[in-house]
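Notes to accompany the following structure.
The values are calculated or read from the model by the stated rules, or taken from the named source; none is laboratory data. Every value quoted in this text rests on a predicted model; they were computed, and no experiment measured them. Cβ coordinates were reconstructed from backbone atoms using ideal geometry, including for glycine residues, and neighbour counts include every protein chain displayed.
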Amino acid sequence: MFHLRPGRKLIQLPIPKFAVFYNGIEEISDRVLQLSDSFPENVDVQSDLSLSVKMYNINYGHNKKLMDACRPLSDYSLFIKAVRQVYNETRDMDTAFDHGINSLKNDSRIRQFLLGQKAEVTDMFLTEYNEEETMNMFKEEAREEGLAEGRAEGRAEGRAEYKKALSLLRNGASSVEDFTSQGISEEVAKDVLGLEGN
């Protein structure tokens, strides 16, 4: 809705800018997100709202210019990196959190905040890792379902892929990468190379 002054003159509003800071574990580059990408497809209703949001990857090593301009954000990025590194090795969140805090300089503005919010921060990390494990479980189930469907519906395609893989093997292919670069799935490549299950 537009705000009009008496006399119907349009009131000028400040230009809004939206940003999303991404620090997930997947390697994702900066991009523009469209709100409409989240709307259901194949619906006859048109949205009255259009919104573009710039997403910035704030993981350590990304967006140097932004990090140089905002030390708290840079410190947070360093903290996250340190926590993930130790947690992946130890699976001990207290040790990982302490390591992350110790990676920050004493004059860091976010150090005291993080110390004061330790319970919330550790819960956030544990939720992230629990979500990751859950998503991996779903991916594995979907992969298994896909393999079952593929076996039932695509035996001919599977035979053709194995035939091509065997031909590549006879012509000197010796690594999984040799096969996958020629369109062979990693699973078939490992099977042909005798690596399945290793």
Original post:
Is it true that some residue in the range 25-43 is more than 21 Å from PHE113 (Cβ to Cβ) and touching a residue at least 60 places away in the same chain (Cβ under 8 Å)?
Top reply: yes
Subject >> In the range 169-198, residue modelled with the lowest pLDDT [restricted to those that are in a helix (DSSP H, G or I) and hydrophobic (A, V, I, L, M, F, W, C)] >> reply: VAL192
Original post:
Do we have GLU120 as closer than 18 Å to PHE21 by Cβ, among the charged types (D, E, K, R), without any contact (Cβ under 8 Å) to a residue 60 or more places away in the chain and out of contact with any Asp or Glu (no Cβ under 6 Å at 6 or more places or on another chain) here?
Top reply: yes
**OP:** Take the range 70-125 and flag every residue that is within 15 Å of TYR60 (Cβ to Cβ), more than 24 Å from the chain's Cα centre (by Cα) and part of a helix (DSSP H, G or I).
**Re:** ILE110
Original post:
Is the range 35-58 home to any residue that is in a helix (DSSP H, G or I) and either in contact with a Phe, Trp or Tyr (Cβ under 7 Å, 6 or more places away or on another chain) or crowded, with 18+ Cβ neighbours inside 10 Å (or both)?
Top reply: no
Subject >> Hits in the range 32-79 (condition: in contact with a strand residue (DSSP E or B) (Cβ under 7 Å, 6 or more places away or on another chain) and on the phi > 0 side of the Ramachandran plot) >> reply: ASN63
